[in-house]
Amino acid sequence: MTQKKASDQLIQTSFKKIILLDSKTSSTNHFDIDTLDSNEIIIVCINPQHHSYSFNFNVHEDSKLKVLFYGLSSINNKNFEFNFNHLKNSNLLFVSRLFVNNQSKITLNTNVSISKDSSNIISDQQVQGYLFSDESSISATPALLVNTNNINASHSVNIGYFDPNKIFYLQTKGFDKNSAIEMLINNEISQLKGIDNEQNYIYNIVHKTIKEML
């Protein structure tokens, strides 16, 4: 069963939440997200109304949570903050894909808190950012606030243009440069296919927006 909340375009399935924020639907910029009934949360921001957004999560005891974040901006500067509070025996995977064009800038701050009472924690942050113009920029700061042992916490950040070696390889297979880049983009957003059970509405709008950035 699927439910929609018009104010923030939230789609609820049995184990998945999807939040779509764009220039028309983002009526709020602060989210306290309940993760008790979800093990996967997908947040898609496409040139949203506000300049700054914050998302707060409790990673509950004995739970596994996967958060996918897609941020696209071609106008103004956008600031995103994600706060995760780990409880014991919890597992978090945060994956972010960022795309910017023109003179836009995305700033992403992620804060993972692990208290001294927590144990058996696995926490991983993965941030990948793509620039489509020399004037655009991405700043990502993953923070780990750890007050205990017996955890496995990591983070990675990679920001830049699409790998020219991969583009060249695809061109040797007969694709032109734009087609090669689009294939690489499709690979980065493939996890959006079929998530909303609405003829790939979210995937299609993300794909269309990125193509317009090329």
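The values are calculated or read from the model by the stated rules, or taken from the named source; none is laboratory data. This one's a predicted model, so the numbers in the text were calculated from it and none came from an experiment. As a convention, Cβ positions derive from the backbone with ideal geometry for all residues, glycine included, and neighbour counts pool all protein chains shown. We work out accessible area using only protein heavy atoms, side chains counted, and drop any ligands, DNA or RNA first. Shrake-Rupley method; radii C 1.70, N 1.55, O 1.52, S 1.80 Å.
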Scope region 75-92; condition closer than 12 Å to F57 by Cβ, open to solvent by 10 Å² or more (accessible area, probe 1.4 Å) and modelled with pLDDT of 95 or more; matching residues: E81, N83
Checking F175 against (1) out of contact with any strand residue (DSSP E or B) (no Cβ under 9 Å at 6 or more places or on another chain); (2) closer than 30 Å to N89 by Cα; (3) not charged (D, E, K, R), the condition it does not meet: (2)
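Looking at F84, F69, which is the one that is part of a strand (DSSP E or B), within 27 Å of P164 (Cα to Cα) and touching a strand residue (DSSP E or B) at 6+ places or on another chain (Cβ under 9 Å)?
On the way: F84 fails: within 27 Å of P164 (Cα to Cα).
Going through F84, F69 in turn, the sole match is F69.
Looking at V44, V95, V59, which one is more than 15 Å from the chain's Cα centre (by Cα) and of a type in the set (V, I, T)? Can you show your working first?
On the way: V44 fails: more than 15 Å from the chain's Cα centre (by Cα); V95 fails: more than 15 Å from the chain's Cα centre (by Cα).
One residue alone meets the criteria, V59.
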Number of the condition not met by L92 [criteria: (1) in contact with a helix residue (DSSP H, G or I) (Cβ under 7 Å, 6 or more places away or on another chain); (2) over 23 Å from H50 (Cβ atoms)]: (1)
Residue in region 186-200 that is in contact (Cβ under 8 Å) with a residue 40 or more places away in the chain and within 22 Å of N102 (Cβ to Cβ) present: yes
The lone exception for L145 - which of (1) free of Cβ contacts under 8 Å to residues at least 40 places away in the same chain; (2) hydrophobic (A, V, I, L, M, F, W, C); (3) under 17 Å from R97 (Cβ atoms) it fails: (3)
